[in-house]
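Undergrad: Sharing a structure below in structure tokens format, with a few things to ask.
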Amino acid sequence: MLDAAHRPAPVGAAPVAPPLLEVSNIEVVYNDVILVLRGLSLSVPKGGIVALLGANGAGKSTTLKAISGLLKTEEGQVTRGEVRFAGERIDGIDPHEIVRRGIFQVMEGRRIVADMTCLENLRLGAFTRSDGDIKRDIEMVYSYFPRLKERTGLAGYLSGGEQQMLAIGRALMARPKLILMDEPSMGLSPLLVREVFGIIRRINAELGVTILLVEQNARMALSVADYGYVMEQGKVVLDGTAEALSSNEDVKEFYLGGHGAERKSFRNLKSYKRRKRWL
Ligand SMILES: Nc1ncnc2c1ncn2[C@@H]1O[C@H](COP(=O)(O)OP(=O)(O)OP(=O)(O)O)[C@@H](O)[C@H]1O
Ligand SMILES: [Mg+2]
């Protein structure tokens, strides 16, 4: 029997737009030997917010770096499969060129330049651009993060929340089509987490920026995302609409249970039976 992917499209059906980002069956190896991603596939539609969830070490950051090309800086390589953005293959190309095409990664731990000012950090975000609208875009960033405008000192002295806002603001300066966000809630108070996620939602709705969001805070991620993937040991083990994932018993137990602080790891369980439920 033909599976869904090979069935001919029904006559008269509207053509389906290809996803903005399509990761197909990629393998990633670090230092030529450490196999971290083992056939990972996911796709992100234009204008969507997609969450990528998973326990520590599952390979979430590696997935984002495989897309942004930053793997190269860590001796990592996509050894199988492909990454397509706007229909074109981008695996293996230079990270600067990937930024130029419209993908910007906000790294885990914010990675702003501590001994530069906020404004200088924002200008850095525009490094691949040659058009003259940079001043206007800085004002646009300040409209999302008014606090940054008041901070004239070095970025290293900003609070954790302000540094996260600066990291997102710097991404916006590149005028990206797709932002890859790695754990934007990390280290922030619950109040700031809500504020940052509110801004992520606005950036998506008002600027039309597509977002792939890696998060430990699954509840928050699924509250803003349309769709989500759960990964474990380098592979996707479950995916579905944010609504379906939020009501999935396993996701509830492992990611949404308790108070979020002591989330269990899938990996530490003899979970064959449990995993079978979604394999
Ligand atoms: N530069 C590297 N060299 C070798 N191994 C690496 C490197 N970066 C990550 N790894 C390994 O790859 C695996 C996945 O790491 P990754 O950082 O992608 O996971 P993660 O899902 O983002 O985890 P976390 O939730 O802790 O951020 C881990 O076992 C990690 O030790
Ligand atoms: Mg990570």
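Undergrad: Hey, can you tell me all the residues within the stretch 80-94 that are assigned to a strand (DSSP E or B) and either within 16 Å of ligand 2 (Cβ to nearest atom) or open to solvent by 70 Å² or more (accessible area, probe 1.4 Å) (or both)?
TA: ARG80, ARG84, GLU88, ARG89
Undergrad: Report the residue count in the stretch 41-68 for those that are over 16 Å from LEU178 (Cβ atoms) and either over 11 Å from the mean Cα position of the chain (by Cα) or among the β-branched types (Val, Ile, Thr) (or both).
TA: Count: 8.
Undergrad: Can I ask one more? Among the residues that make up the stretch 207-220, is at least one of them closer than 19 Å to PRO19 by Cβ, open to solvent by less than 20 Å² (accessible area, probe 1.4 Å), out of contact with any Leu (no Cβ under 6 Å at 6 or more places or on another chain) and among the β-branched types (Val, Ile, Thr)?
TA: Within the stretch 207-220, one or more residues are closer than 19 Å to PRO19 by Cβ, open to solvent by less than 20 Å² (accessible area, probe 1.4 Å), out of contact with any Leu (no Cβ under 6 Å at 6 or more places or on another chain) and among the β-branched types (Val, Ile, Thr).
Undergrad: Of the residues PHE104, PHE127, only one is in a strand (DSSP E or B), away from ligand 1 (no atom under 16 Å from the Cβ) and either in contact (Cβ under 8 Å) with a residue 60 or more places away in the chain or surrounded by fewer than 16 Cβ atoms within 10 Å (Cβ to Cβ) (or both); which?
TA: When all the criteria are applied, what remains is PHE104.
Undergrad: Oh, and also: Out of the residues in the stretch 22-68 meeting the condition of being closer than 19 Å to GLY109 by Cβ and either more than 15 Å from ligand 2 (Cβ to nearest atom) or among the charged types (D, E, K, R) (or both), tell me which one is least open to solvent (accessible area, probe 1.4 Å).
TA: LYS60
Here's the yes/no breakdown for (1) farther than 27 Å from ARG100 by Cα; (2) among the small types (Gly, Ala, Ser):
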| residue | (1), (2) |
| --- | --- |
| LEU158 | yes, no |
| GLY161 | yes, yes |
| GLY169 | no, yes |
| GLU183 | no, no |
| LEU188 | yes, no |
| ASN204 | no, no |
| ILE211 | no, no |
| ASN217 | yes, no |
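Undergrad: Determine, yes or no, whether ARG151 is open to solvent by 60 Å² or more (accessible area, probe 1.4 Å), in contact with a Leu (Cβ under 9 Å, 6 or more places away or on another chain), more than 16 Å from ligand 1 (Cβ to nearest atom) and farther than 26 Å from MET220 by Cβ. So that I can check it myself, show each step before the final result.
TA: Details: open to solvent by 60 Å² or more (accessible area, probe 1.4 Å): yes; in contact with a Leu (Cβ under 9 Å, 6 or more places away or on another chain): yes; more than 16 Å from ligand 1 (Cβ to nearest atom): yes; farther than 26 Å from MET220 by Cβ: no.
Against the criterion (open to solvent by 60 Å² or more (accessible area, probe 1.4 Å), in contact with a Leu (Cβ under 9 Å, 6 or more places away or on another chain), more than 16 Å from ligand 1 (Cβ to nearest atom) and farther than 26 Å from MET220 by Cβ), ARG151 does not qualify.
Undergrad: Looking only at the stretch 204-220, which residues are at pLDDT 95 or above and of a type in the set (Gly, Ala, Ser)?
TA: ALA205, GLY208
Undergrad: Collect the residues in the stretch 43-68 that are away from ligand 1 (no atom under 13 Å from the Cβ) and basic (Lys, Arg), keeping them in residue-number order.
TA: Listed by number, the list holds a single entry, LYS46.
Undergrad: Please state which of the following conditions THR73 fails to meet, knowing it meets all the rest: (1) in contact (Cβ under 8 Å) with a residue 24 or more places away in the chain; (2) among the polar types (S, T, N, Q); (3) open to solvent by 30 Å² or more (accessible area, probe 1.4 Å).
TA: For THR73, the exception is condition (1).
Undergrad: Quick check on my filter: what residues within the stretch 176-206 are open to solvent by 10 Å² or more (accessible area, probe 1.4 Å) and under 17 Å from LEU21 (Cβ atoms)?
TA: The answer is PRO176, LYS177, ASN204.
Undergrad: How many residues does the stretch 173-211 contain that are assigned to a helix (DSSP H, G or I), touching a strand residue (DSSP E or B) at 6+ places or on another chain (Cβ under 8 Å) and not charged (D, E, K, R)?
TA: 3
Undergrad: While we're here: Give the number of residues within the stretch 53-68 that are on the phi < 0 side of the Ramachandran plot and not in a loop (DSSP other than H, G, I, E, B).
TA: Residues in the stretch 53-68 being on the phi < 0 side of the Ramachandran plot and not in a loop (DSSP other than H, G, I, E, B): 10 in total.
Undergrad: For the stretch 69-92, enumerate the residues that are away from ligand 1 (no atom under 13 Å from the Cβ) and within 22 Å of LEU172 (Cα to Cα).
TA: Selection gives GLY69, ARG84, PHE85, ALA86, ILE90.
The values are calculated or read from the model by the stated rules, or taken from the named source; none is laboratory data. Note that the structure is predicted; figures quoted are calculated from it, not measured. Here Cβ is always computed from backbone atoms with ideal geometry, including for glycine, and neighbour counts include all displayed protein chains. Protein only, heavy atoms only, side chains kept; ligands, DNA and RNA dropped before computing areas. Shrake-Rupley method; radii C 1.70, N 1.55, O 1.52, S 1.80 Å.
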